[in-house]
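Below: the structure, in structure tokens.
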Amino acid sequence: MTADSPLKIQPLEKYRATMTKEEVADALGVATHIIPPLSRAGLIKPLGRPQRYCVKHYSRDVLAQQLTDISWLDKVVAAIHRHWRIKNARKLARLAKSGGRKSPTRSSNHDIFAFMNATISNSAPITSSVISLSKWLERVGVTPITAWRWRKKGWLKTVNIAGRQYLTQEAIDEFHRRVVAGEFAQEHKTPSRKDRSS
């Protein structure tokens, strides 16, 4: 697996012959909520055909065999990426439906400075000429909602390739240049005493 893979596979020797959903997630190095999408895709099958809301158990030996199959690993990684694309698309759709009135959890300036710090300190700098927007957001620690806002304002320019958003290295460099130049800076307004009293 590459450094960009969403899987961080752990040795299976410490697990029992039957594994819970949480243990399978731990073995794959993913969050527990990733397991149900993998099950729905038929990539991980519980033992005994349990009902929907029953506790599910998985075979450690079957999982060990699957981990040696490059084709299976490729399908798992693709399913995880597809899960996050759908999740992020739904989030952006809800935001667009609300007319962008949802208040962000962090200010634009805070996210921009977070981007700058991540770009400088990240041990795996972005060097490819084209990178998917979702992967870039994960690396620099910016939320999809913030990226949507930046794109809407024309601050961040993406290209559509087969229905997915990508960033060129030129667009990243241009965005960084404008950040450093202070083009996106906004004056911090301290509430007046009259505003605070009201």
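We did not get these values from a lab; they are worked out from the coordinates using the rules stated. Just so it is clear, the structure is predicted and the values come from calculations on it, not from any experiment. Reconstructed Cβ throughout: ideal geometry from the backbone, glycine too, with neighbour counts over all protein chains shown.
Here are a few things to note about the model shown:
- In this rough spin-label picture, where each label sits 7 Å from Cα along the Cβ direction, the residue 16-residue 81 distance is 3.7 nm.
- Considering only alpha-carbon pairs that sit under 8 angstrom and 6 or more positions apart, the relative contact order computed for region 140-188 is 20 percent.
- Percentage relative contact order, region 18-92, counting C-alpha pairs under 8 Å, at least six apart: 32
- The calculated FRET efficiency for the pair residue 69 and residue 152, based on their C-beta separation and a Förster distance of 30 Å, comes to about 0.10.
- Around the amide H of residue 59, modelled in the peptide plane, lie the amide H atoms of 19, 47, all under 5 Å away and 5 or more residues distant in sequence or on another chain.
- Each residue of region 40-53 was assigned a 3J(HN,Hα) from its phi angle through the Karplus expression (A = 6.51, B = -1.76, C = 1.60, θ = phi - 60°), giving 5, 7, x, 8, 10, 10, x, 7, x, 6, x, 5, 4, 9 Hz with x at Gly and Pro.
- Filter on 45/152; 8/153; 8/97; 21/91; 14/75; 56/97 - keep pairs with C-alpha separation over 32 Å: 45/152; 8/153; 8/97; 56/97
- Approximate spin-label separation residue 94-residue 162, in nm, with each point projected 7 Å along Cα-to-Cβ: 2.9
- For region 18-92, convex hull volume per residue from C-alpha positions, Å³: 91
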